[in-house]
């Protein structure tokens, strides 16, 4: 049985919320990157690769539970 304190549970919830917020930001970037790339002429493949890496990292709950 776990001996988690209310404070540690609150901290875990905060970290999960932050990860979800980061994941949502990256997903929005990945969704809108083609339009942004067209208007600002940055390297789209590298931007999408970066967004994908961040999205995968944000979706992995293991670091949050360690």
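The values are calculated or read from the model by the stated rules, or taken from the named source; none is laboratory data. Source: prediction; values computed, not measured. Reconstructed Cβ throughout: ideal geometry from the backbone, glycine too, with neighbour counts over all protein chains shown.
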The chain: helices (runs of 4 or more DSSP H) wholly inside it with 3 or more residues that are touching a helix residue (DSSP H, G or I) at 6+ places or on another chain (Cβ under 6 Å) and at pLDDT below 85 are 6-40, 44-59
Report, ordered by the first and then the second residue, all pairs with beta carbons closer than 6 Å, sequence separation of six or more or different chains, a first member in the stretch 21-38 that is more than 16 Å from residue 56 (Cβ to Cβ), and a second member that is modelled with pLDDT under 65 and part of a helix (DSSP H, G or I).
-> 37/44
